[in-house]
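Inspection log for the structure reproduced underneath, given as structure tokens.
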Amino acid sequence: MAVKTIDWDSRRTRALLEAKFGISDTLVVIKHFGAVVQRLNFASDRIASARTFLSADIAALADLDELGFALFGASELQDDFNDALYKIRRELVGALHDIHCTLDCLAKGVAKIAKMDLDSRSLKYSWQIRDQLIAKGIPLSRAITGISQDPAFKHLSELSNESKHSAVIPAPLSLSADEYKIVFDPLAQYARVEAFTFLESVIDLVIGQLKVAGEEINQYLEALPNAA
């Protein structure tokens, strides 16, 4: 899955940053926004890799006829199956974390534009940055809020956090007998979802909100005085 085109006039953003803040600060801001795109690309690559493992390994094992089972020992087949499922888990959990990280990367770039001190412990997470933006009346919080408050992103955040604290299986994820679909198992407040469709929908959400971010950032920068 290739990441869709992000509708953000990044050249305009960079030109405005250089005019308002100078090249050095511009590079710091661009680093954070570049990390958003990088994380989205990583997630898309991981999803594609997991799909390959599903179609090439899991489906191949599932399609074996009686002769195929006779040629391979049961333990060997089980090992192959477990190995394939492990690879799928590894890729999808990585995609979870990559998508989850996009919000913090975006928020940190916005915080630098707003001249916030990212070394402060009170600005470690995106929700802290959003709250300070709102409290100070800085009009740069709309995209951060749009992502963080979306039910699908909240679900993804819970899955990401759950996988970090699981000692044995690195995600609440399983193989459904229904057409061999990979699913994220239900959490306390969330129903089970088909993994690939769900992850791709959250990527689309983030990309849609990046358009909002680009518009509000450019508008904010245009109103600032140029650097001396």
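Which of the residues spanning segment 94-121 are at pLDDT below 90 and in a helix (DSSP H, G or I)?
Arg121, the sole residue that qualifies.
Which of the residues that make up segment 20-52 are in contact (Cβ under 8 Å) with a residue 60 or more places away in the chain, in a helix (DSSP H, G or I) and open to solvent by less than 40 Å² (accessible area, probe 1.4 Å)?
If the condition is that a residue be in contact (Cβ under 8 Å) with a residue 60 or more places away in the chain, in a helix (DSSP H, G or I) and open to solvent by less than 40 Å² (accessible area, probe 1.4 Å), then Lys20, Phe21, Val29, His32, Phe33, Ala35, Val36, Leu40, Ala43, Ser44, Ile47, Ala50 are the ones that fit.
Out of the residues in segment 102-149 meeting the condition of being open to solvent by 30 Å² or more (accessible area, probe 1.4 Å) and within 16 Å of Gly208 (Cα to Cα), tell me which one is farthest from the chain's Cα centre (by Cα).
Arg142
Residues that are touching a Phe, Trp or Tyr at 6+ places or on another chain (Cβ under 9 Å) and hydroxyl-bearing (Ser, Thr, Tyr): which helices (runs of 4 or more DSSP H) entirely in segment 126-166 hold 1 or more of them?
Helices (runs of 4 or more DSSP H) meeting the threshold: 142-148.
How many of the residues in segment 176-228 are open to solvent by 40 Å² or more (accessible area, probe 1.4 Å) and outside any helix (DSSP H, G or I)?
Residues in segment 176-228 being open to solvent by 40 Å² or more (accessible area, probe 1.4 Å) and outside any helix (DSSP H, G or I): 19 in total.
Under 6 Å between Cβ atoms, which residue pairs at least 6 apart in sequence (or on different chains) link something in segment 205-216 that is closer than 11 Å to Thr5 by Cα with a partner that is among the charged types (D, E, K, R) and outside any helix (DSSP H, G or I)?
Close Cβ pairs satisfying both conditions: Ile207/Lys4; Lys211/Asp7.
The values are calculated or read from the model by the stated rules, or taken from the named source; none is laboratory data. Computed from a predicted model, the values in this text were never measured in an experiment. Positions of Cβ are generated from backbone atoms using ideal geometry, with glycine treated the same way; all protein chains shown enter the neighbour counts. Surface accessibility is based on the protein's heavy atoms, side chains included, excluding ligands, DNA and RNA. Shrake-Rupley method; radii C 1.70, N 1.55, O 1.52, S 1.80 Å.
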